[in-house]
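A short worksheet on the structure shown next.
Each reported figure results from applying straightforward, stated rules to the coordinates on display, with no laboratory input. On a predicted model such as this, the values are computed, not experimentally measured, just so you know. Note that each Cβ is placed from the backbone with ideal geometry, even for glycine, and that neighbours are counted across all protein chains shown.
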Amino acid sequence: LSPERWDFVRLRGDARQAAVRARIHEGGLYDWQQVAGYLSWLIPDKADRWSCAELCAQALGMAEPWRMDPCSLHRAAQWAHAQTTRA
C-alpha cells in the first residue's frame with residue numbers, strides 16, 4: 001500500500017489477541033445498515049452485525065467498538081499512537 005494514498009498509524013497491541021477477537025466474528029453478516037447510517041441517522045444499525053471499523057476497534061481492544069466509524073477509528077488510533085510516543 002502506498003503511503004501517498006493511505007494513512008498509516010503504528011499501534012501497539014497483541015496480534016494474536018486481535019486475531020482471536022476477529023475470528024469470533026468470522027462468517028458474520030456485515031452491518032450495511034450502519035454504513036448507510038453514516039448518510040442518514042434515520043437508518044439504525046443492527047446490533048448483531050459488525051462493520052469493518054467496529055471489528056477493527058474490537059480487535060484492538062478499544063472500549064465500545066460499536067461507536068466507531070472509519071473516521072473516529074482513525075482519530076482514536078492517532079490519539080493512541082500519540083499517547084504511546086509521549087511516554
| query | Looking only at the stretch 65-87, which residues have a backbone nitrogen under 12 Å from a spot 7 Å from the Cα of HIS25 in the C-beta direction? | reply | 65-70
| task | Work out from phi, with θ = phi - 60° and the Karplus expression 6.51 cos²θ - 1.76 cosθ + 1.60, the ³J(HN,Hα) of each residue of the stretch 71-80, listed in order in whole Hz, and give x for Gly and Pro. | result | 5, 5, 5, 4, 5, 5, 5, 4, 5, 4
